[in-house]
Amino acid sequence: MMRGRIVIFRNDLRLFGRQSLFSYRALVSWLNPRDYVLMRVLEPAFQIIFFALLGDFAGRPTSYFVVGNAVRLASVSGIYGCATVMGSERRSGTLQAIIASATPAWQTFIARSTMQIVDGLAPVIIGFALGGLFFDVDFGQVNWFWLAAALLVTSAAMSALGTSIGALGLIGTDINMVMNFVYAVLMVLCGVNFPVNQLPGAVQVISQLLPLTHGLQAVRHIFDGSLADVPGLIAVEAGIGATYLVAGYTAFRVAEHKARVLGTLDLV
Amino acid sequence: MRATTNVIRSTIQVHMKNTLARPMFQIVLVFQPFVIATTTYMVYRDANVDDFVAFVVLGGGLSGIWSAMTFSSLGDINRERWFGTLNPMLASPTSLLLVFAAKITANALLSLLSMGIAIVYSLILLGSNFAIAHGLAFVGALGLFLFSTSAFALCLSLVFLLSRTTQVMQNFIEAPLLVIGGMAFPVSILPGWAQAISALLPIRWGSETLRLTFDPAPLSTHWWTVAGLTLLSGVVYLGLATFFFRRLEHRVRYLGNLELA
């Protein structure tokens with residue numbers, strides 16, 4: 001009995017992994033290696049350089065800008081990749097089939113978002129490498145375990161936000177506008193290029209509710225070698241991500257229910 | 001002549017309506033100035049930065065203009081290709097150059113909205129610190145910036161007309177030019193080789209011409225020099241675009257491979 005359950009679980013896990021991988025490959029299938037390098041390596045690198053030079057001109061340590069923007073760039077996969085997964089199924093005419101299939105639709109979308117969490121780390125690694133080679137990013141005090149944990153949790157939290165935006169899109173909101181608005185907000189309110197405490201008080205409250213703020217703070221602490229607050233910050237980031245995931249799940253269930261009752265999933 | 005004017009006028013009108021309706025364009029026009037102006041303001045506020053006000057206004061406004069122009073001008077080609085209308089455009093009596101020049105002019109006019117947003121937002125951020133010392137020169141410099149960057153965008157559209165990489169390039173090309181364009185920080189902080197590349201770009205000269213209008217000192221010969229370089233670079237890129245568009249039209253008519261590039 002127990003052995004049978006383990007086999008089923010392993011099979012589910014294998015299917016989950018295949019789903020993630022195939023979905024990711026489908027999403028980037030239009031990219032050839034040259035385009036991938038342009039979009040996923042050089043473009044993020046130039047964004048990081050732009051803000052690092054901005055900081056350099058102001059006489060501030062460029063490492064602050066390199067680290068902030070490298071971590072922020074994980075949101076490109078997290079927000080855009082995850083938010084567009086559901087919309088692209090609707091555009092392809094396959095959303096109804098996914099809803100009607102035996103596998104819970106939410107599980108399918110979570111599997112499809114999983115690879116985005118890993119992919120989101122690519123520009124972060126490129127940014128750190130750039131920072132180490134050309135700017136004043138010092139890895140001397142970095143605890144690699146905590147750095148990996150902080151980056152993974154931050155990327156997952158941003159993917160959760162992206163997934164909840166995608167679920168909102170099923171109810172009928174124009175997610176293109178929402179996605180880009182959220183991306184801009186993360187850039188300004190999460191301490192990417194300047195500390196959150198420079199913002200007006202009320203805006204700081206919003207910052208605390210966004211993914212990236214605490215994760216980025218944890219990463220900065222890790223680079224400074226002060227690990228005391230790191231587990232707490234990562235836990236808060238994970239909590240924020242989980243909250244967005246629950247919000248996304250609720251929005252998705254509402255859309256799914258509405259679709260089954262009214263048959264309008266492809267019509268919103 | 002009248003027919004040409006009609007083509008330009010109607011293309012600008014239709015293109016402005018179509019472009020404004022696209023969410024992506026609205027996003028670039030509105031969010032880009034907001035993000036860059038806020039960031040430059042917060043980073044430069046407590047630092048002893050020369051031309052602080054100019055960089056906040058121009059960082060937001062010009063990056064918005066440039067992003068709107070690249071996203072839209074290169075995206076326009078991609079859209080025509082997807083719609084299958086590139087060949088009918090080529091076959092029509094109006095030249096491709098004229099149609100694309102009119103489209104880019106429409107994008108340039110719309111992108112002024114970014115500058116408007118950046119100015120109003122900077123006014124809110126900076127309060128009494130906000131001042132453009134030479135208002136008339138600012139307007140003239142903005143006109144020069146739009147003309148020269150439009151000519152440059154026309155050249156880019158020519159390159160990407162024959163390429164399938166347009167979608168990737170329209171996303172990629174924005175960031176490097178923000179780095180070497182001198183919009184949010186002076187190009188003098190860049191390494192020598194980057195400054196040399198930057199000197200070939202009208203964006204760099206246009207940014208500097210605009211920035212100097214914030215300086216309360218009377219306009220010097222330096223301003224006239226960089227204004228002249230902005231105009232000159234615009235004329236050169238327009239000349240290159242005209243020459244190569246004609247060559248391209250002839251080539252694709254002969255080979256019939258406009259859709260196959």
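Computed from the coordinates by the stated procedures, all read-outs in this text should not be read as laboratory data. Values in this document were obtained by computation on a predicted structure and should not be read as measured data. Cβ sites come from the backbone with ideal geometry, for glycine too, and all protein chains shown count toward neighbours.
Quick notes
- With the simple model of a label 7 Å out from the Cα in the direction of the Cβ, B:A217 to A:L262 spans 6.5 nm.
- Net charge of Cβ neighbours under 15 Å - reference B:T38; Lys, Arg +1; Asp, Glu -1: +1
- Just checking the listed ones, A:G59, A:G232, A:G127: in the Gaussian network model of chain A with Cα springs under 10 Å, the one fluctuating most is A:G59.
- In degrees, nearest ten, helix B:221-255 long axis to first principal axis of chain B (Cα): 20
- Protection proxy ranking, peptides A:106-117, A:210-221, average beta carbon neighbours within 10 Å, highest first: A:210-221, A:106-117
- Ordering B:G239, B:T149, B:F52 by Cα displacement along the dipole of the protein assembly as shown toward the positive end leaves B:G239 in first place; charges were set at the Cβ atoms of Lys, Arg (+1) and Asp, Glu (-1).
- Inter-part distance where the range A:67-111 and the range A:175-229 are each reduced to a Cα centre, Å: 23
- For chain B, the orientation-averaged shadow of the C-alpha convex hull comes to 14.6 nm² (one quarter of the hull surface).
- Sorting B:216-222, A:252-258, B:91-97, B:181-187 by their mean Cβ neighbour count within 10 Å, with the most densely packed peptide first, gives B:181-187, A:252-258, B:91-97, B:216-222.
- Helix-only [θ]222 nm of the protein assembly as shown, DSSP H runs n ≥ 4, -39500 (n - 2.57) each, per residue, nearest 500: -25500 deg cm²/dmol
- Degrees, to the nearest 10: B:23-44 long Cα axis against longest axis of chain B: 20
- Separation of the B:N78 and A:Q208 label points, Cα + 7 Å toward Cβ, nm: 4.0
- Once both labels are positioned 7 Å from their Cα atoms along Cα-to-Cβ, the gap between A:F22 and A:V118 label points is 1.6 nm.
- Summing +1 for each Lys or Arg and -1 for each Asp or Glu among the other residues whose beta-carbon sits under 13 angstrom from that of A:F194 gives +3.
- With contacts taken as Cα pairs under 8 Å and at least 6 residues apart, chain B reaches a relative contact order of 26 percent.
- Shielding by other protein chains, A:188-201, mean Cβ within 10 Å: 2
- Within 10 Å of each Cβ in A:52-62, the average number of Cβ atoms from other chains: 6
- Sequence-separation-based contact order of chain A, relative, with Cα cut under 8 Å and 6+ spacing, percent: 23
- Helix A:121-134 and the longest principal axis of the Cα set of chain A meet at an angle near 10°.
- From the alpha carbon centroid of the range B:1-70 to that of the range B:192-261 is 18 Å.
- Each Lys and Arg contributes +1 and each Asp and Glu -1, all at the Cβ; summed about the Cα centre of the protein assembly as shown, the dipole is approximately 1720 debye.
- For the residues of B:25-34, the average number of beta carbons from a partner chain within 10 Å of their own beta carbon is 3.
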